[in-house]
Structures are given as structure tokens and as C-alpha cells.
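Remarks on the structure that follows.
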Amino acid sequence: MKVAVLILNWNKSRLTLRAVQSVLASVSTAEVSVVVIDNCSSAEERRRLEQGLGREVVYIASPENLGYAAGNQLGVEWAMKQQADWVWILNNDAYVRPDTMELLIQGAERWPGEAVFSHTTLMSENPDRIHYSGSYGPEEEADPAFPYDRRKGMLLEECRQELQDKPATIFGHSLFIPASIIRKYGFMDPWFFLYFEETEYLWRLRKQGVETVYLAAPICVHESTASKKDEAGNTNEEIARVLAYYYERNRWFFLRLQGRVSRREMVIKAGGILALAWYFLTHLNVPKTPQGKMLYFQNLAMWHAWWGVRGRTLLPKIS
């Protein structure tokens, strides 16, 4: 059995190297290949990454920032050429325990039928506490108070007996995908660029009868806000605004794909066409204040979703 572990990097060499080392330390009977895809990081970050990676790691350098789906697609193409049986997409801000790989393989092989898998995730700030444990069913609405997981913040040991393998809503920080599913149904749509690409992909797979499954035993630790922070742990406001733009644009567009919101309802939720027009007429240039900038890009995101603007429109950069 061959497993290709794909780790996408963009200016986070320290986190990526930690993720790589945790996977390399995993014990498995499978033939495992770790593939790092660099999404056009800065020259200094690329140098750190290349120096830190060992010869056992496959390194793919993208000439431009392709975003999440298209960046991982480079690794998928490599995995398909190598006749991989499984593709494990692991965020670079996550790291795994030594037994995670084997437990993931065992759980996935036990599951009947076609499925994509994720697993228990713990909080980076307190690795004894749950971040994700498959609380919601595949089509179940999340609780606004607990949009990610009802057990978030609970001690793992206090609720371990409640956790069981089951169909559930799963997320893109760790996706264990049979290569046969990618060959049969394709991969994520690259036009999202950032956010909701895995949500749309898994929704599309479920429409084809492929389940999304939570496995209780495998565990990783996830630093969920790392994409907005610099190496010192401080929030980069420029990147945070760009991420907010893609999140809002793609959220609206995904709701449109599902038929859950119309263009008319989008405009009404934003205060009406006159309110939107007035906002942009009075802000021909991006506002100067942090709050004004964030509101501007959120409004722009909704407007772009309304028009169906696709792909990369804003490019995150280190300021």
C-alpha cells in the first residue's frame, strides 16, 4: 500500500517542517511518501524550507501562488503518477502523533463503501483538549455557538468513550482520500483559491454517494489561526483582510451553488442595492482605518460572489 502525504506551504517553513517531522516519525506498515508543495513563498522562506527538508521528502516548487486546491493538485498529480493508493492532505499548521498514520489506515480500511476520512483534532494551545471530534452529521446545520464542534474545548480523556467512527461533516485541515475516488470523481475546484474548496468538493462527492467519515482513534494537533499570523504569533492584518475576503466570497457563492440563497437575498442581507452602491461610491479608494478596510473587502466579497467572480483576485502577501 502506498500513501502520499501532501503538505502545502506558503511562508510558514517552521510550521511545515514540524508537520513533516511528525509524519516522518509516524509508524506505519504502508509505503509512505511525504510531498511538500511550496506555493511561491518568499526567497528566504524557500531557502529555510529546502535546507530543513531531508532527501526522503519530495519537494515541489510552484512558480506562483496557486491557492489551496490548485497547490495541492500539484501533489495529487505526483501521487497519481506514483500509483498511490491513498492521498493524505495535511495542513502545514497541524502535526500528528506517532500512531496516527497506522490508525488512520486501519480505520479507513474497515469502513465499507466509498468514503473520505478525517479524525480527532486537538487544540494547539492546549493539546489535551478537543478542537474537532465529528460532532455534526454530513448535512446537519452547525450550532452558531459551536460552528466547528460541540465538544471544542472539552478534555479528550473526559469524553473519549463518547467518540466513535461515524459519517460526519469533515474539514480540510486533514483529509484522507482514496486515490480511486480522485481518479473516479476528480479533485477540488481550483477557482475558489482559498476557503470552501474542500467544502464544495465533499458536498459534490456526497451527491455521488461518497460518504464523509470521522475516525475517532487517529489524532492530530491543529493550530487553526496560523494562516493569519507571523512567525512571532502576531496577527498580520493585511493577510487577515485578504483571507476574510476569500472566506466571504466563497461562502456566498457556495450557498448559491446549494440553492440556499438567491442573488436578490444576498443584496437584501447586505442592506440593499442602494446601500451597496452608496458604500462603493463613497469609498472609491480603500478606507484607511483597519475597520474600514475589513468592511470594504467583506462588501467587495459579497459583490464578487453576486457577479460570480472566480479565481484569484487578491493576492496575499507579507507586508
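The values are calculated or read from the model by the stated rules, or taken from the named source; none is laboratory data. Since the model is a prediction, treat every value here as computed from it, not as a measurement. Counting neighbours? That spans all protein chains shown, and the Cβs are built from the backbone with ideal geometry, glycine included. What goes into the accessible areas is simple: the full protein's heavy atoms, side chains included, and nothing from ligands, DNA or RNA. Shrake-Rupley method; radii C 1.70, N 1.55, O 1.52, S 1.80 Å.
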*Which condition breaks for residue 60 when tested against (1) touching a Gly at 6+ places or on another chain (Cβ under 8 Å); (2) surrounded by fewer than 23 Cβ atoms within 10 Å (Cβ to Cβ); (3) part of a helix (DSSP H, G or I)?*
(3)
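From the list 249, 310, 260, exactly one residue is among the basic types (Lys, Arg), within 30 Å of residue 40 (Cβ to Cβ), part of a loop (DSSP other than H, G, I, E, B) and at pLDDT 85 or above. Which is it?
310
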*asked:* Every residue in the stretch 170-200 that is open to solvent by 20 Å² or more (accessible area, probe 1.4 Å) and within 19 Å of residue 223 (Cα to Cα), please.
replied: 171, 194, 195, 196, 198
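Quick check, is residue 37 β-branched (Val, Ile, Thr) and in contact (Cβ under 8 Å) with a residue 60 or more places away in the chain? If you could, list the steps in order and put the result at the bottom.
Numbers: β-branched (Val, Ile, Thr): yes; in contact (Cβ under 8 Å) with a residue 60 or more places away in the chain: no.
So residue 37 fails the test.
Being open to solvent by 70 Å² or more (accessible area, probe 1.4 Å) and among the acidic types (Asp, Glu), is that true of even one residue in the stretch 86-98?
Narrowing the stretch 86-98 to residues open to solvent by 70 Å² or more (accessible area, probe 1.4 Å): 97-98.
Imposing the further condition that a residue be among the acidic types (Asp, Glu) reduces the set to none.
Within the stretch 86-98, none of the residues are open to solvent by 70 Å² or more (accessible area, probe 1.4 Å) and among the acidic types (Asp, Glu).
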*Looking at this structure, is residue 276 at pLDDT below 75, of a type outside the set (Lys, Arg) and open to solvent by less than 50 Å² (accessible area, probe 1.4 Å)?*
yes
*Does residue 76 satisfy the criteria of being touching a strand residue (DSSP E or B) at 6+ places or on another chain (Cβ under 9 Å), open to solvent by less than 10 Å² (accessible area, probe 1.4 Å), among the hydrophobic types (A, V, I, L, M, F, W, C) and more than 23 Å from residue 97 (Cα to Cα)?*
yes
*Identify, from the list 167, 147, the residue that is open to solvent by less than 70 Å² (accessible area, probe 1.4 Å) and not hydroxyl-bearing (Ser, Thr, Tyr).*
167
*Considering only the stretch 69-89, state which residues are in contact (Cβ under 8 Å) with a residue 60 or more places away in the chain and in a helix (DSSP H, G or I).*
69, 70, 71, 72, 73, 75, 76, 78, 79, 80
*Show the residue pairs that are 6+ apart or on different chains and have beta-carbon atoms under 6 Å apart, the first residue being within the stretch 178-193 and more than 30 Å from residue 242 (Cα to Cα) and touching a residue at least 60 places away in the same chain (Cβ under 8 Å), the second being among the aliphatic types (A, V, I, L, M) and in a strand (DSSP E or B).*
179/87
